[in-house]
């Protein structure tokens, strides 16, 4: 008999792993943010889409590749070169942001707000959200209860159903388009800086952060197929990541075009959920709303399963006295409570955390990918992260709701931020990070040269 390490995966196995990754990445935000971007960008949809694809497709792919290159099993390993304390703090912040504080509750509030709430009287909104979110996270708990069944639940059942419904909507939208995308008027912000605005919109998907957190779930799933050697697990993960994120990129382009063409019939909406409802109702009437509600619920449930499972797996690994299922229950309960604050509050308070965490995530992903060049030396990580911290903190303060951003402190930070290069584009962390990289590499190579000279003198 062949050992588990020697088992060769079939094309079907790769497809199922890719489908799992796709399902974990693609939630309701991945549907509504590209549509809204299309409406905002109008005729400038292509350059906006290119910016969006960098942070919503390329960066998540790089996060998967970072897991592969470093043979990591999750977000903790990505931050480990800076020491266990930093790695643990980074892991907790990532999981808290994409988990019970913002990301996971959003998976319940979006399908409710778009698909269910319009059907309810205003006085029943809060009760409806309470019941819907309880059922939603109850289902997420049951699907995630057995770790070895997550891939079967998401990759083989929920994900194909979601894709079938989505491509049905695409078929209608492109056979009989609402208008011509290039002919639509752009909003003011997208007439001159469409690429960078699209780039920042990609933050909202949270997929670069999620890619790091999903590492442990994907690695567990790949090992469940009989692959245990770390190099092969990394290779399978990388191949599946390329296929999954490539498919997501194509869907994003389709959604952005649909959003832009919708301007021929509808005004710019408050969010992508509204325009999606308008589009499907235009083509299919009341039945279209039912399709949309089902589509959003299914895709959100797949993402919720991945988020709660990744949270429970990572926390059980590092706080092993509490079982996986207990962490899973705590995660679902906390997400249920946060969801009942409502979608608007969740989005308002999640933006500052994303502005803070994304620069750290981006530099750590890029450092992980290039780490073989400097032997994953912690000093390089230290200087890059140190110099990234100041602009990341200022971005967070400025992005807070008015109670913080418009305070005396918030206005003072905003004035100081203007002195950083590219601050008006939301990219003020880039130059400091490069300065930190230059310093870190200088120290690294000086130390390497000194060690080589010392070794040479000892040999002589």
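The values are calculated or read from the model by the stated rules, or taken from the named source; none is laboratory data. Nothing here was measured: the structure is a model prediction, and the numbers come from that model. So basically every Cβ, Gly included, is an ideal-geometry build from the backbone, and we count neighbours across all protein chains shown.
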Exercise for the section: Kindly indicate whether residue 129 is crowded, with 22+ Cβ neighbours inside 10 Å and more than 21 Å from the chain's Cα centre (by Cα). Expected result: yes
Completion exercise
Heads up, the helices (runs of 4 or more DSSP H) in the range 343-460 (entirely inside) with at least 2 residues that are farther than 30 Å from residue 111 by Cα are 343-370, 378-399, 408-417, 430-459
Handout entry: One residue from 65, 88, 129, 93 being in the same structural domain as residue 229 (by TED's automatic domain parsing), in a helix (DSSP H, G or I), in contact with a helix residue (DSSP H, G or I) (Cβ under 9 Å, 6 or more places away or on another chain) and closer than 20 Å to residue 355 by Cβ
Key = 93
Exercise for the section: Output the qualifying pairs, or none if there are none: Cβ atoms under 6 angstrom, residues six or more apart or on different chains, first residue in the range 216-236 and within 14 Å of residue 16 (Cβ to Cβ), second residue surrounded by fewer than 19 Cβ atoms within 10 Å (Cβ to Cβ) and at pLDDT 80 or above. Expected result: 225/13
Handout entry: Positions within the range 216-236 being crowded, with 24+ Cβ neighbours inside 10 Å and within 13 Å of residue 65 (Cα to Cα), in sequence order
Key = 218
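Scan 38, 23 and give me the residue that is modelled with pLDDT of 90 or more, assigned to a helix (DSSP H, G or I) and either crowded, with 24+ Cβ neighbours inside 10 Å or not assigned by TED's automatic domain parsing to the domain that holds residue 110 (or both). Show your work before the answer.
Numbers: 23 fails: modelled with pLDDT of 90 or more.
Matching residue, one of 38, 23: 38.
Look through 357, 328 and report the one residue that is under 30 Å from residue 273 (Cα atoms) and assigned by TED's automatic domain parsing to the domain that holds residue 79.
Values: 357 fails: assigned by TED's automatic domain parsing to the domain that holds residue 79.
Matching residue, one of 357, 328: 328.
Between 244, 270, which is part of a loop (DSSP other than H, G, I, E, B) and either at pLDDT below 90 or closer than 30 Å to residue 327 by Cβ (or both)? Full working, then the answer.
Working: 244 fails: part of a loop (DSSP other than H, G, I, E, B).
Step by step, each of 244, 270 is checked, and only 270 is part of a loop (DSSP other than H, G, I, E, B) and either at pLDDT below 90 or closer than 30 Å to residue 327 by Cβ (or both).
Just checking, how many residues over the range 320-342 are part of a helix (DSSP H, G or I) and over 21 Å from the mean Cα position of the chain (by Cα)?
Pass one, the range 320-342, residues part of a helix (DSSP H, G or I): 324-339.
Then drop every residue that is not over 21 Å from the mean Cα position of the chain (by Cα), which leaves 324-327, 329-330, 333, 337.
Residues flagged as part of a helix (DSSP H, G or I) and over 21 Å from the mean Cα position of the chain (by Cα) within the range 320-342 amount to 8.
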